[in-house]
Structure formats: C-alpha cells, structure tokens
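K.L.:
Attaching a single structure in structure tokens format; questions to follow.
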Amino acid sequence: MPRDPLEAADLARRLDRLERRMGRWRSLAILALAAGMAGAAAAFSGAASADRPAPAELRVERLAIVDAEGRTRILLTTDGQDGFIGLTDAQGQTRAMIQSHPGGARITLGDGRPRLVLAADPRAVLATMNGPDGIARAVIGVAGSGRETMVLARPDGSPSVALP
C-alpha cells in the first residue's frame, strides 16, 4: 500500500478505470456471444425454410446417405478419375452401382453379387447376365468394329450357343 495519499488516489483512479474497461469488454463479449448464437439459430432455421430457394450447386467429394441406423445406403463419390454411385439394401448387400472411368462406364445390378452388368468403352458394349452362382450365363455385345456377338452358357460356364 502506498504511503503517500496522492499515490493511493492515483492507484484508486487507475483501478476504477481498469474495472470499467473490463466491464465494457465483458459486455461486448456477452453481446458477441448472443449475436453469434442468434445468427447460428437463424442460419439453421433459415436453411430449412420453404421460402428460401435451394442452392444452385452443392459441391462435395463424397456424399453418403445413411438410414436410421447409420448404415450407408447410397454412396456418391469420386476416386481419381472415376465416379461412383452405389446402392445397398438394409443388410449391406450391393444392389446397384454406376461407375464411370476414363474409357467408359459400367452399370451393375444384383442381389449382393453382380447379376446384370452393362459395360461400354471404345472396344465394346457388353451386357453380361450371371446366374445365382456368379457364372456368366449370357453375354451379348457389339465390338468397337461393329461386330456383334452373343454367347449363352451352361451352369458350368461352357458355351451352349455362340453367335458368330
């Protein structure tokens, strides 16, 4: 404690000024927090508003749509130059896929295993139908040269009909 009364008065003034500044900073901090919370609430409630138009574009590298249990049911993604859309059932079995790659594209439908595969690239366009065992039973295609082909196969995979 200062011995001179002038020093004590000066110290008291400085302390009062400091307390007022701290009070102002505290008030500003509370106002900023309240404004931020109000802004966040407005943003979240406004995003769900039917009056607001939908965004023109949504950009993501991966989009996973999940069910109520959190299992991915629809996946849209890119991997390098490839694009992919996959759909699975509630048990996690793949039911449909669309894949693109630099040379073409493929659509696969199935019951956990590929049953129908449609593929296109500069060399050929092919439709392959697989049996429940996964063995290709029918292949129909058109080569890039225009030559067509059709092969029907037995359950062991050996051809039963081949054209041409």
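K.L.:
With respect to ALA68, determine if the residue is modelled with pLDDT of 70 or more, within 30 Å of GLN99 (Cα to Cα), outside any helix (DSSP H, G or I) and not assigned by TED's automatic domain parsing to the domain that holds GLN99.
P.N.:
Details: modelled with pLDDT of 70 or more: yes; within 30 Å of GLN99 (Cα to Cα): yes; outside any helix (DSSP H, G or I): yes; not assigned by TED's automatic domain parsing to the domain that holds GLN99: no.
Here the answer is no, as ALA68 does not meet what is asked.
K.L.:
Further question on the same structure: Tell me the residue from GLY110, GLY103, GLY146 that is without any contact (Cβ under 8 Å) to a residue 40 or more places away in the chain and surrounded by 11 or more Cβ atoms within 10 Å (Cβ to Cβ), please.
P.N.:
None of the others qualify; the one that does is GLY110.
K.L.:
In segment 80-95, which residues are among the polar types (S, T, N, Q) and outside any strand (DSSP E or B)?
P.N.:
GLN81, GLN91, GLN93
The values are calculated or read from the model by the stated rules, or taken from the named source; none is laboratory data. The shown structure was predicted, so the numbers you read here are calculated from the model rather than taken from an experiment. A quick note on method: Cβ atoms are made from the backbone with ideal geometry, for glycine too, and the neighbour counts reach across all protein chains shown.
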